[in-house]
Amino acid sequence: MTSTKELYLTCFYLLLGFTIRAQTVTDIDGNVYSTVTIGSQTWMAENLRTSRFSNGDTIGTQLGATHNDSNAIYQWAYNDDQSLVPAYGRLYSWYAAVDNRNICPAGWHVPGIEEWDALITFLGGDSTAGNLLKESGTVHWKSTDSSVTNSSGFNTRGNGFRANPQMYSGLREIAFFWTSTPFGTGGFARGYHIRLSHASSLVETGVAVGNCGSCIRCIENKTTNVNPVFGPGKIDIYPTPTHGTLYIDFPSPESGTVSIFDLSGREVYWKRFDEQSFLELDSRQSTGVYLLMIHTAEGIIQKRLVIL
């Protein structure tokens, strides 16, 4: 007979897995993108290629210098070579990435730094996640080795970037992705970006001026962290990722227990609750990935919990 702990561990490792789904999303230009679900997030598995915002407005390009442009809403093909777009996507200014007309397909958005952090944490941290995110082989990278597995299905390629004033660099060597998170205030806008290299397993976070060009990976919108249980109700758990206090809202008063398990299956937190519609938990643990399990009369819910 399977023990309770063995059942928990089975649920846990199934929950930690990422699923490469045969699903696609299409942008306003008709470009079709493969998608991948990693943990609780669904990402494009290809770089954005659109030349229009989701409302149909054209995103212009600029072949000249942009270093003095404080409203640089542009897109470029690397080295102004359109033949590279299918393989590497387009490069976009940060101004275009955060424009309220939405550069991503409807129902998708440019991820913030916290969404990238959740992805990187889920894949083991910034020192090793790069090898799980990068495409293997040397078709789209200058070099690689056997530790580069692309096991997440994210398919990162060496897309390079456009620097100021008008210099392209890093094709097949470096991948840059914009986040929607701004850096600082005043002067020219700056945004955080994510960087991967052919020569390292690291995933690094940096900052660039908004009129430079980087690629974009869109992430599917999820308005709430709602988790279905057995029955008509839903449980709302937030914030995720978390640090410190975790909140759980029930659709109606419930009785049951809540547990948190670490990677080894060790229970690090347990609490019984009775006829409550709201719980406030102290989830202060070491940073990492955990399994949250809630037992109620309606059934069992399991949720991956990232603690930062």
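Tally time: how many residues in the stretch 147-191 are more than 19 Å from G125 (Cα to Cα), among the polar types (S, T, N, Q) and assigned to a loop (DSSP other than H, G, I, E, B)?
Residues flagged as more than 19 Å from G125 (Cα to Cα), among the polar types (S, T, N, Q) and assigned to a loop (DSSP other than H, G, I, E, B) within the stretch 147-191 amount to 3.
Got a sec? Which helices (runs of 4 or more DSSP H) wholly within the stretch 75-142 have at least 1 residues that are surrounded by fewer than 17 Cβ atoms within 10 Å (Cβ to Cβ)? Give the steps one after another, and end with the answer.
Working: elements: 85-88, 94-97, 113-122, 129-133.
Helices (runs of 4 or more DSSP H) meeting the threshold: 85-88, 113-122.
Inside the stretch 268-294, can you point out the residues that are of a type outside the set (G, A, S) and in contact (Cβ under 8 Å) with a residue 40 or more places away in the chain?
R284, T287, V289, L291, L292, M293, I294
Looking at Y88, Y74, Y95, Y78 in this structure, which one is touching a Lys or Arg at 6+ places or on another chain (Cβ under 7 Å), under 20 Å from H193 (Cα atoms) and either in contact (Cβ under 8 Å) with a residue 12 or more places away in the chain or hydroxyl-bearing (S, T, Y) (or both)?
Testing whether each residue is touching a Lys or Arg at 6+ places or on another chain (Cβ under 7 Å), under 20 Å from H193 (Cα atoms) and either in contact (Cβ under 8 Å) with a residue 12 or more places away in the chain or hydroxyl-bearing (S, T, Y) (or both) leaves just Y88.
Just give me the residues in the stretch 272-294 being buried (at least 17 other Cβ atoms within 10 Å of the Cβ) and assigned to a strand (DSSP E or B), in sequence order.
Correct list: F273, L279, L281, V289, Y290, L291, L292, M293, I294.
Please note which strands (runs of 3 or more DSSP E) are completely contained in the stretch 192-271 and include at least 3 residues that are modelled with pLDDT of 85 or more.
203-209, 245-261
For residues in the stretch 38-76 being modelled with pLDDT under 95 and more than 21 Å from V209 (Cα to Cα), which is farthest from the chain's Cα centre (by Cα)?
N55
The values are calculated or read from the model by the stated rules, or taken from the named source; none is laboratory data. Everything numeric in this text was worked out from a predicted model, so none of it was measured. Using ideal geometry, Cβ is built from the backbone for each residue, glycine included, and neighbour counts are taken over all protein chains shown.
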